[in-house]
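Trainee: Sharing a structure below in structure tokens format, with a few things to ask.
The values are calculated or read from the model by the stated rules, or taken from the named source; none is laboratory data. Here the structure is a predicted model, which means the values were calculated and not measured. Virtual Cβ from ideal backbone geometry, glycine too; neighbours counted across all protein chains shown. Side chains are part of the model used for accessible areas, which takes the heavy atoms of the whole protein and leaves out ligands, DNA and RNA. Shrake-Rupley method; radii C 1.70, N 1.55, O 1.52, S 1.80 Å.
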Amino acid sequence: MKLLRFQSWLAGLWAGATVAVGGIAAPSLFMVLERQQAGMGAGRIFATEANVSLVVAVVLFLIERRRVRELARAQGSRSVMTGNLMLTLAALFLTVFGQHALHPMIEAAKAGQATALSFGALHGISAGLYWLKAVVIATLAWRLSDRSV
């Protein structure tokens with residue numbers, strides 16, 4: 001039970017941090033700094049958020065796997081896949097894809113290099129996937145807060 005509480009708390013903290021970074025910190029930079037400086041600052045903030053997200057996702061994944069294995073053993077079941085596990089993996093995928101696939105393409109487009117999509121299109125896709133990740137994480141936190149999960 002303590003492990004589930006920790007898992008729920010960690011997912012809630014992760015959801016809040018994700019929304020705070022994307023909805024408060026990054027936009028605030030563009031309100032007070034020149035566009036180039038704000039972009040550099042926002043890039044650094046999102047890179048830090050991605051690194052934190054990787055760590056949190058792995059920790060939540062490991063906790064969920066352990067919790068589900070113990071539950072499966074107790075019930076004599078073989079299935080170890082849960083909705084919570086799928087949500088954690090989805091958030092992990094969106095983090096890795098955004099930071100390690102889209103971000104380099106955005107940087108290349110910003111530098112004037114030829115890319116399949118424009119800077120604006122890549123930035124829009126990145127932002128959409130970021131907010132999808134926030135929804136996935138918030139859903140995970142909400143599901144984990146239900147004590148019957």
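Trainee: Please compute, over every Cα-Cα pair in region 110-149, the percentage with a separation greater than 17 angstrom.
Mentor: 52
Trainee: Counting alpha carbon pairs within less than 8 Å and at least 6 residues apart, what relative contact order, in whole percent, applies to the chain?
Mentor: Normalised by residue count, the contact order of the chain is 34 percent.
Trainee: I would also like to ask the following. Accessible area per residue for the chain in Å², computed with a 1.4 Å probe and the full protein assembly in place, what is it?
Mentor: Roughly 59 Å² per residue, with all protein chains present.
Trainee: Carbon and sulfur atoms: what percent of the 1.4 Å accessible area of region 6-129 do they account for?
Mentor: 67
Trainee: I've got another one for you. For region 44-117, I need the span (max minus min coordinate) of the C-alpha atoms along each principal axis, in Å, sorted largest to smallest.
Mentor: 58, 24, 11
Trainee: Continuing with the same structure: Using 0.36 nm times the number of residues separating residue 32 and residue 13, minus their current alpha carbon distance, what extension gain do you get?
Mentor: Roughly 4.2 nm would be gained on extension.
Trainee: Radius of gyration and Dmax for region 79-133's Cα atoms, expressed in Å?
Mentor: Values for region 79-133 (Cα only, Rg and Dmax): 14.0, 49 Å.
Trainee: Over the Cα atoms, compute the radius of gyration (one decimal) and Dmax (the largest Cα-Cα distance, rounded to a whole number) for the chain, in Å.
Mentor: 17.8, 60
Trainee: Relative to the Cα centre, what is the charge dipole magnitude of the chain, using +1 at the beta carbon of each Lys and Arg, -1 at the beta carbon of each Asp and Glu, and rounding to the nearest 20 debye?
Mentor: 660
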